[in-house]
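Undergrad: Input: one structure, supplied below.
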Amino acid sequence: MAHDTQHEPHANVDHTAMGITHEHPTWSTYWKVAVVLTLITAVEVWIYYIPSFVASRAFVPSLLIMSAVKFATVVMFYMHLRYDHKLFRALFTAPLIIAIITIVGLLFLFGYFSHRTGALL
Amino acid sequence: MATTATAPAYAPTESYVGESGIWSWLTTVDHKRIGTLYLFTSLFFFLVGGVEAGMIRAQLAGPNKDLFSADLYNQLFTMHGTTMIFLGVMPLSAAFFNYLIPLQIGARDVAFPRLNAFSYWVFLLGGIFMNFSWIIGAAPNGGWFGYAPLTTMQYSAGLNIDFWVIGLQILGVSSLAAAFNFITTVINMRAPGMNLMRMPMFTWNAFIVQFLLVLAFPVITIALVFLQFDRFFGTNFYTMAAGADPLLWQHLFWIFGHPEVYILILPAFGLVSEIIPTFSRKPIFGYPVMVYATMLIAFLGFGVWAHHMFAVGMGPIGDTVFGVTTMLIAIPTGVKIFNWIFTMWGGSLRFTTAMKFAIGLVALFTIGGISGVMHASPPADLQQTDTYFVVAHFHYVLFGGSMMGIFGGIYYYYPKMTGRLLSEKLGSWHFWLMFIGMNLTFFPMHFSGLMGMPRRIYTYDAGQGWELFNKLSTYGTGILAVGLLIFVWNFFRSYSTGEIAGIVPWGAPTLEWSIPSPPPEYNFARIPKVTSRLPLWDLTAPRLTREVPHTEAGDKRLDVDVASKHTATGHPNPTANAPRQGVEAGMHIERATGRTARELGIPMPNPTIKPLICALGMTIMFTGLLFIHVNRMPLALATMIGGALLMTLSLYAWVLTPLEDAH
Amino acid sequence: MAHASALTGDHSHSAHDDAHGHPPTSTGLDNKKIAIWAFIGSECMLFASLISTYLIYKGRSVVGPYPHDACLPPQCSTPLKAILNIPITSASTFVLLMSSLAMVLALAAVELKDQPMPSGWWSRRLRSSKLWLWMTALLGITFLGFQAFEFTSFVHEGLTIRTNLFGSSFFTLTGFHGAHVTAGVLWLLTLLAIDYRRGLGPKDAINVDLAALYWHFVDVVWIAIFTLVYLIK
Ligand code: HEM
Ligand SMILES: [Cu+2]
C-alpha cells in the first residue's frame, strides 16, 4: 500500500492542488484521440457487416479488444487519468476490476460460456 | 501552548455546549451531533428489533404454540432481520464513523458536512417508512433477503414487499452518500503527519467498510430496481414463465449480501482494536498485518457470495471455487483474532466493561467463525443450510461479534460523547447477563439445527427432539432482555449522574482523547501534528511506543518538522531539546476553554435545513410508488413529481449556498 | 476559494492554509474530486449488474422480438425482424463520442480563461467555454433524441419493457444509461447558467472537471454497451 506516496508535498498550489496538472494535453491531443475513437468505431461497425468475419472465432475477441481500447483511451486522455494523481487511478481501477470479475463470474455461473462456445466447460 | 500531560480538572460547564433547541438539531451539520443522532435512532430501532425477536422466541418456546399467525410470524422475522441489519447494526456503526473518524484523524469535520446530515435524515426517514408498514398492517414478509420470485406480485401481492423494496432503496441512498463522504474524509482530511499507516485501527476498518458499501450497494440497488419494475411496471426479470432465471435475484442479492456481513462486523472489529490495546497498555500486535488482513477480507469478500447458495446446485466447479474462497477468507479473519490475543498477552490488563465486551467479541466471534468454516464445505452445508444451525452461526457473528463490539464501543466512547462514565457496576451486570443470555439463546440452536429444525417455521410438532433446545433459547432471550434493560437504564441515568470522566479516562493513545469531552464544535483548537501512531502515549508513556515507527528528526514529510526549535505555529517550542517526539511536533492535550469557534476564528460550516428537506423530498418521491398499488394513479404521480421537485429544488438551493461564511 | 465553493458549496479548499482558515487537505487534492471518483467506482458496479443481467438473459426470451435474430412462426405469430438498428446506433455512438471531445474542450477553455486571448479564429473559438458547453449539452440531447427514436420504433415493432426478457433487460439497461445522460445534460445546463451569470473562470475549473469526469464516464459505459449489446450477436 502506497501510504507514503499518497502525500504530495504541499508546495504545489492551485491547479495541481486541485488535481489538474500542468502537463495537461491540448487541442492537438484531443482531436487525435477523437479521430482514433471514431476510426475504431468505424472498424467495429464495418466488421459487423462482414458475415464471414462475424462467423469466425475472431469476431467477438476483436470487438472486445477494440472496445476496451476505446474505453481505456477515453479514461486515460479525456478523463486525464494518465496525467492525474495516482490516487484517482486507484479509486477507479480497483472497482473496475472487481466489477469485471463479477461480470465474468456471473456469466460463468449462468452457463453463458458453455452455452455459446461449449468449449469452456 | 500546553504541553503538559496532566489532565486539567474537568469542568463540564467550561466546555462548549452550543445551542440545544430542536431547530439546532434539525439543522445541524456537526459530525458529532449527527453521530449522536445516529446513536439514539439506531439504539431505538435496535430495541424495536429486539422486541420482534422476543415475540419470535415466545412463539417458539414450545411446540404448537399459536401466539401469532403464520403470516404475522413471517412479518416478525422479516422485520427483525431487516431492522437489525439495516436499522440497527449498520447505523450504530455509522454513529461511530461519524463521531470518531474526524476526531481520530485530527479533523474538524467530515469532508461534506451537509451531505452527512442528508445521510442521517435519509436513514431516519427510511427507517420510519419501513416501520410504517406495521401501522397499516402490511409489514414485509419475504425474509430479510427477499428471494424473488417469491417476492414478485404473483406470490406476494400485498403492500408488504413494496415497503421492503422501497425502504431498502431509501436506506441504500443513505449508506452510499455517507460512504463517499467518509472515503473523502479519510483520504483528505487527515492532520499533518497522520499517514495512512498511522491511522487508528478503527478508522482503518471504517475506511475499508466504506469501500465495501460503495461497491456492494449498487448491486442490491439494481436487484431491487428489477423487483420494483417487475412489481410496478410488469417487467419480467423474475417471471419464470417468461424464461427468467430463479437464481438471478439470489446471485445479485448475495453479491451484495456477503460484503454486507463484513460491513456489519468490521466496524466492531475496529472498536475492539481500540479497546484491547488501551486496556492491555500495549500497542496493538502486528498493526500493519491487521490493516492488510482487513483489506484482504474486504477483497475476498467479493468472491465468496455463492456460499449462500450451495443448495441450488451450481455444479462442481462453482461449489469448489466458492467453498475454497470461503475457507480462505477465514485465514485473515483468524489473523485478526490472534493479533488481539497477542496484544493482550503480557499486557497489564484492566477488565473494564468495555474490555469485557471486547474479549466477549473475540471469544464469541470465534465460535461463529468456526461454524462459518463448517458451512463453507458444500456437502456439510447441504445439511446445515436453512436450519437453525445457520441461525446459530450468524447470531454468533452478529450478536456475539458486531453487537458485543458495539456495546464495548459505547462503554468506551460514552465518556467522549458526554463527559461522563457509564456505571461500571451496571455495566458488569449488563455484560454478564448478555454474555450468558446470548450463549443460552444461540448455542442450543446448533443442536436443534443439526437435528433438522428448519429456520422460518412459525411452529413445530412435539416429539422431534427440539423442545428442550427451544425452551433454553427462549429462556436465554429473557436473560438477554434483562441485560438490555439494564443497559438502557445505565445509558440514560449516567448522562446526568455518571462519574465525571476527565480528559483521558482510559489512558488511551489516540488523538480523540487529546481534546475535551464532549469536544467543542471545532474539535481541535489547533490541528495536531502527528509523529507516530500513538501520539498520546508519546506524551504520557513513551516507554510504550518505543517500538512504533516515528517521524525522525529532520524528516520533513507533511510539515512535521520534529527537529525544529519552533513549533509549526511559530511559537518557540519550550521542549525543543527533550527527546519526546510528540511534544516536539506540537502534540498536546487541549484543555476545555469554553471558547466558541467564532471566538477562536475557526471557520465552521453553517447549520442548514436543506439536507433534511432534500431527504424528505426523496422519501416522498419514493412513497408515491405505493399509491400505484392501491390504484391511485393520479395521486401516485402527484406525490412522485412533488417529491422529486422538492428534492431537486432543495438540492439546488443547498449546492448553490456556500458551506460557510466567506472568510 | 469562495468562488469555487459557491457551486457545490462544500469544503473545496486545498493547498492554502491561512492561520485561522482551513488546514490543507492531506493529499493536496480537492475533496470533491476524490468523491466523484469514488462515485464513479461505485457506478462501475451498478452498470456491471445491469450488463450482467442483460447478457445472462440474452437468448432466453421465450417470445420475440429478438435483438439480432428474426422471429418466425410458430414462435411469433407474425414474423418479426431482428430489432436492433445498427446504423442508427452507430450514429448516436459517434455523437456521444464527439460530445466527450466537446467536453474536454470546454474544460480547457475554462482553465485558460485568465490567459490572454490568442489571435487565430479557431484558437479563439477554442477558448469559448460557452460554445463547448453548449456543444456538449446539445450532442448529449441529440443522443437522447436518438434513444427516444429507438425506443419508440421498438415499441412500434412490438417490443416493450414487458414483452420479454430481452425487452425488460434492454430497456432497463439503456434506460439507466439514458437517465445518466439526462442528469449530465442538466448538470451541463447548470454550468452554462453560471457561465452566463458570472462567467466561469479557472477557479471553477474543478467544478467543470467534476461534470466532465461524470460525462466521460457515461460515455465509456456506452462504449461497453455498444459492443456488448449491439454488436456482439
Ligand atoms: C469466518 C468467517 C465466515 C465464514 C466462513 C462464513 C460462512 C458462512 C456461510 C457458508 C454461510 C451460508 C450458510 C447457509 O446459508 O447455508 C453463512 C451465512 C451467514 N453468515 Fe457467515 N461466515 C463468516 C462470517 C460471518 C460474519 C462476520 C457475519 C456477520 C457479521 C456473517 C453473517 C452471516 C449471515 C447473516 C448468514 C445467513 C444469511 C441468511 O441465510 O440469512 N458471517 N456464513
Ligand atoms: Cu456469506
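The values are calculated or read from the model by the stated rules, or taken from the named source; none is laboratory data. Note that the structure is a prediction, hence the values are computed from the model and not measured. Positions of Cβ are generated from backbone atoms using ideal geometry, with glycine treated the same way; all protein chains shown enter the neighbour counts.
Undergrad: Considering (1) away from ligand 1 (no atom under 14 Å from the Cβ); (2) at negative phi, say which one B:E260 fails and leave the rest.
TA: Tallying (1) away from ligand 1 (no atom under 14 Å from the Cβ); (2) at negative phi, B:E260 fails exactly one: (1).
Undergrad: Quick one: count up the residues across region B:221-257 that are within 16 Å of ligand 1 (Cβ to nearest atom) and over 20 Å from B:F322 (Cα atoms).
TA: 1
Undergrad: For region B:243-266, state whether one or more residues are under 14 Å from B:K336 (Cα atoms), within 13 Å of ligand 2 (Cβ to nearest atom), more than 10 Å from chain C (Cβ to nearest Cβ) and touching a helix residue (DSSP H, G or I) at 6+ places or on another chain (Cβ under 6 Å).
TA: Taking every residue of region B:243-266 in turn, at least one turns out to be under 14 Å from B:K336 (Cα atoms), within 13 Å of ligand 2 (Cβ to nearest atom), more than 10 Å from chain C (Cβ to nearest Cβ) and touching a helix residue (DSSP H, G or I) at 6+ places or on another chain (Cβ under 6 Å).
The rows are residues; the columns are (1) surrounded by fewer than 20 Cβ atoms within 10 Å (Cβ to Cβ); (2) among the hydrophobic types (A, V, I, L, M, F, W, C); (3) touching a residue at least 60 places away in the same chain (Cβ under 8 Å).
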{"position": "B:T239", "(1), (2), (3)": "no, no, yes"}
{"position": "B:L248", "(1), (2), (3)": "no, yes, yes"}
{"position": "B:H251", "(1), (2), (3)": "no, no, no"}
{"position": "B:A268", "(1), (2), (3)": "no, yes, yes"}
{"position": "B:I276", "(1), (2), (3)": "no, yes, yes"}
{"position": "B:Y292", "(1), (2), (3)": "yes, no, no"}
{"position": "B:A298", "(1), (2), (3)": "no, yes, yes"}
{"position": "B:G318", "(1), (2), (3)": "yes, no, no"}
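Undergrad: Looking only at region A:45-96, count every residue that is more than 16 Å from the chain's Cα centre (by Cα), at the interface with another protein chain (Cβ under 7 Å from one of its Cβ atoms) and either closer than 20 Å to C:F39 by Cβ or of a type outside the set (S, T, Y) (or both) and tell me the total.
TA: Result for region A:45-96: 5.
Undergrad: Any chance you could count how many residues in region B:115-145 are touching a residue at least 60 places away in the same chain (Cβ under 8 Å) and either crowded, with 24+ Cβ neighbours inside 10 Å or among the hydroxyl-bearing types (S, T, Y) (or both)?
TA: Going through region B:115-145 one residue at a time, the tally reaches 12.
Undergrad: Let me ask another. Please tell me if B:I284 is away from chain C (no Cβ under 14 Å), at pLDDT 95 or above and within 14 Å of ligand 2 (Cβ to nearest atom).
TA: no
Undergrad: Okay, next question. Within region B:362-373, can you find the residues that are away from ligand 2 (no atom under 13 Å from the Cβ) and not hydroxyl-bearing (S, T, Y)? Give the derivation first.
TA: Within region B:362-373, the first condition is being away from ligand 2 (no atom under 13 Å from the Cβ), and the residues that meet it are B:362-367, B:370.
Hits for region B:362-373 are B:V362, B:A363, B:L364, B:F365, B:I367, B:I370.
Undergrad: Here is a further query. Of the residues that sit in region B:362-397 and are of a type in the set (S, T, Y) and in a helix (DSSP H, G or I), which one is farthest from ligand 1 (Cβ to nearest atom)?
TA: Top of the filtered list is B:Y388.
Undergrad: Is it the case that region B:167-177 has a residue that's in a loop (DSSP other than H, G, I, E, B) and touching a residue at least 60 places away in the same chain (Cβ under 8 Å)?
TA: Checking region B:167-177: not a single residue is in a loop (DSSP other than H, G, I, E, B) and touching a residue at least 60 places away in the same chain (Cβ under 8 Å).
Undergrad: Looking at B:G400 and the list (1) within 15 Å of ligand 2 (Cβ to nearest atom); (2) at pLDDT 95 or above, which single condition is not satisfied?
TA: (1)
Undergrad: Residues that are touching a residue at least 24 places away in the same chain (Cβ under 8 Å), outside the structural domain of A:V33 (by TED's automatic domain parsing) and of a type in the set (G, A, S): list the helices (runs of 4 or more DSSP H) wholly contained in region A:43-121 that include at least 2 such residues.
TA: Those helices (runs of 4 or more DSSP H) do not exist here; none qualify.
Undergrad: Moving on to the next point. Looking at B:I436 and the list (1) in contact with a Phe, Trp or Tyr (Cβ under 9 Å, 6 or more places away or on another chain); (2) surrounded by fewer than 22 Cβ atoms within 10 Å (Cβ to Cβ); (3) not basic (K, R), which single condition is not satisfied?
TA: Against the list (1) in contact with a Phe, Trp or Tyr (Cβ under 9 Å, 6 or more places away or on another chain); (2) surrounded by fewer than 22 Cβ atoms within 10 Å (Cβ to Cβ); (3) not basic (K, R), B:I436 comes up short only on (1).
Undergrad: Which of the helices (runs of 4 or more DSSP H) contained wholly in region B:15-117 include at least 1 residues that are over 28 Å from B:P605 (Cβ atoms)?
TA: Result: B:31-60, B:70-82.
Undergrad: While we're looking at this one, here's another question. Based on what the data block shows, is B:K336 more than 14 Å from ligand 1 (Cβ to nearest atom) and either among the acidic types (D, E) or more than 11 Å from every other protein chain (Cβ to nearest Cβ) (or both)?
TA: no
Undergrad: In addition: Could you say whether any residue in region C:215-228 is within 14 Å of chain A (Cβ to nearest Cβ) and among the small types (G, A, S)?
TA: Step one: list which residues in region C:215-228 are within 14 Å of chain A (Cβ to nearest Cβ), which gives C:215-228.
From what's left, among the small types (G, A, S): C:224.
The answer is yes; a qualifying residue exists.
Undergrad: Follow-up. Mind checking which residues of region B:477-516 are touching a Pro at 6+ places or on another chain (Cβ under 8 Å), part of a helix (DSSP H, G or I) and among the polar types (S, T, N, Q)?
TA: B:S514
Undergrad: Here's something else I'd like to know. Conditions: (1) out of contact with any Pro (no Cβ under 8 Å at 6 or more places or on another chain); (2) modelled with pLDDT under 95; (3) among the aliphatic types (A, V, I, L, M). B:I222 meets all but one. Number of the miss?
TA: B:I222 satisfies all of (1) out of contact with any Pro (no Cβ under 8 Å at 6 or more places or on another chain); (2) modelled with pLDDT under 95; (3) among the aliphatic types (A, V, I, L, M) except (2).
Undergrad: Only one residue in B:G449, B:G409 is touching a strand residue (DSSP E or B) at 6+ places or on another chain (Cβ under 8 Å) and in a helix (DSSP H, G or I), so which one is that?
TA: Just one listed residue meets the conditions, B:G449.
Undergrad: Whether any residue in region B:179-200 is more than 11 Å from every other protein chain (Cβ to nearest Cβ), over 16 Å from B:F302 (Cα atoms) and assigned to a helix (DSSP H, G or I) is what I want to check.
TA: Start the filter on region B:179-200 by keeping residues that are more than 11 Å from every other protein chain (Cβ to nearest Cβ), which leaves B:200.
Now restrict to residues that are over 16 Å from B:F302 (Cα atoms): B:200.
Those left that are additionally assigned to a helix (DSSP H, G or I): none.
No, the conditions are met nowhere in region B:179-200.
Undergrad: I'm trying to understand the selection: among the residues of region B:301-315, which are buried (at least 20 other Cβ atoms within 10 Å of the Cβ) and within 11 Å of ligand 1 (Cβ to nearest atom)?
TA: B:G301, B:V304, B:W305, B:A306, B:H307, B:H308, B:M309, B:F310
Undergrad: Just give me the residues in region B:221-237 being surrounded by fewer than 19 Cβ atoms within 10 Å (Cβ to Cβ) and within 8 Å of chain C (Cβ to nearest Cβ), in sequence order.
TA: Matches in region B:221-237: B:F233, B:G234.
Undergrad: Among helices (runs of 4 or more DSSP H) lying entirely in region C:99-203, which contain 3 or more residues that are under 18 Å from the mean Cα position of the chain (by Cα), within 14 Å of chain B (Cβ to nearest Cβ) and surrounded by fewer than 21 Cβ atoms within 10 Å (Cβ to Cβ)?
TA: Per the criteria, C:165-198.
Undergrad: Same structure, new question: Could you grab me the full set of residues in region C:78-95 that are part of a loop (DSSP other than H, G, I, E, B) and more than 15 Å from C:I225 (Cβ to Cβ)?
TA: C:T78, C:P79, C:K81, C:A82, C:I83
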